[in-house]
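Chemist: The structure under discussion is supplied below as structure tokens; questions concerning it will follow.
What follows draws every value from the coordinates through simple rules; no lab data is involved. Keep in mind the model is a prediction, meaning the values are calculated, not measured. Neighbour counts are summed over all protein chains in view; Cβ atoms, including those assigned to glycine, are modelled from backbone coordinates with ideal geometry.
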Amino acid sequence: MRAAHHHNVYVVELSTAVLKEKKFVRCNPNYNPLKPCVYVGMTGLSPDDRFDKHKAGIKANRYVLRYGLRLLPRLYECYNPMPYEAARDMEIELAIALQEEGYGVWQA
């Protein structure tokens with residue numbers, strides 16, 4: 001039986017080449033070039049397994065598939081694991097917090 005708290009949020013560092021994507025740039029008007037570009041997601045899998053699936057093209061976000069470099073555990077490990085509802089909310093809250101800090105953020 002799976003634990004009640006098995007959902008995770010995760011953050012993927014994206015290559016700065018993502019800044020060639022007009023939609024990404026448009027959604028990050030306050031981006032600080034000294035900060036990384038990231039994708040924030042949530043999953044019922046481990047962050048490592050979910051990242052591997054993105055890179056393999058399985059239910060992949062196009063920015064992670066094309067520009068995903070690595071996970072940034074220092075930005076999310078403290079929150080995991082959690083129940084589904086908490087992960088769903090934390091995905092949005094973490095994306096907003098990182099964007100407010102100047103990160104280029106994509107969260108879908």
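Chemist: Picking from L72, L98, L34, L45, which residue would you name as being more than 11 Å from the chain's Cα centre (by Cα) and under 19 Å from N8 (Cα atoms)? Walk me through it before giving the result.
Modeler: Numbers: L72 fails: more than 11 Å from the chain's Cα centre (by Cα); L98 fails: more than 11 Å from the chain's Cα centre (by Cα); L34 fails: under 19 Å from N8 (Cα atoms).
Only one candidate passes the filter, namely L45.
Chemist: Here is a further query. Go through the stretch 62-86 residue by residue and tally those that are within 16 Å of F51 (Cα to Cα) and not in a loop (DSSP other than H, G, I, E, B).
Modeler: 14
Chemist: If N8 passes every condition in (1) free of Cβ contacts under 8 Å to residues at least 12 places away in the same chain; (2) over 12 Å from V105 (Cα atoms) but one, which one does it miss?
Modeler: Of the numbered conditions (1) free of Cβ contacts under 8 Å to residues at least 12 places away in the same chain; (2) over 12 Å from V105 (Cα atoms), the odd one out for N8 is (1).
Chemist: Report the residue count in the stretch 1-27 for those that are crowded, with 16+ Cβ neighbours inside 10 Å, farther than 30 Å from P83 by Cβ and not acidic (D, E).
Modeler: Going residue by residue through the stretch 1-27, those that are crowded, with 16+ Cβ neighbours inside 10 Å are 6-14, 18-19, 21, 24.
The next check asks that each one be farther than 30 Å from P83 by Cβ; those that pass are 18-19, 21, 24.
Narrowing further to those that are not acidic (D, E): 18-19, 24.
Going through the stretch 1-27 one residue at a time, the tally reaches 3.
Chemist: Consider Y79 carefully, then state whether it is surrounded by 20 or more Cβ atoms within 10 Å (Cβ to Cβ) and either among the hydroxyl-bearing types (S, T, Y) or over 14 Å from the mean Cα position of the chain (by Cα) (or both).
Modeler: Values: surrounded by 20 or more Cβ atoms within 10 Å (Cβ to Cβ): no; either among the hydroxyl-bearing types (S, T, Y) or over 14 Å from the mean Cα position of the chain (by Cα) (or both): yes.
Taking the combined requirement at face value, the residue does not satisfy it.
Chemist: Additional query: List the pairs whose first member sits in the stretch 85-108 and is buried (at least 21 other Cβ atoms within 10 Å of the Cβ), whose second member is in a loop (DSSP other than H, G, I, E, B), and whose Cβ atoms are under 6 Å apart, counting only residues at least 6 apart or on separate chains?
Modeler: Sorted first by the residue in the stretch 85-108, then by its partner, the pairs are Y103/K35; G104/N28; G104/Y31.
Yes/no per residue for (1) loosely packed, with under 12 Cβ neighbours inside 10 Å; (2) touching a strand residue (DSSP E or B) at 6+ places or on another chain (Cβ under 7 Å); (3) closer than 15 Å to A97 by Cα; (4) in contact (Cβ under 8 Å) with a residue 40 or more places away in the chain:
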residue: P29; (1), (2), (3), (4): yes, no, yes, no
residue: L34; (1), (2), (3), (4): yes, no, no, yes
residue: C37; (1), (2), (3), (4): no, yes, yes, yes
residue: A56; (1), (2), (3), (4): yes, no, no, no
residue: K59; (1), (2), (3), (4): yes, no, no, no
residue: Y63; (1), (2), (3), (4): no, yes, no, yes
residue: R70; (1), (2), (3), (4): yes, yes, no, yes
residue: L75; (1), (2), (3), (4): no, yes, yes, yes
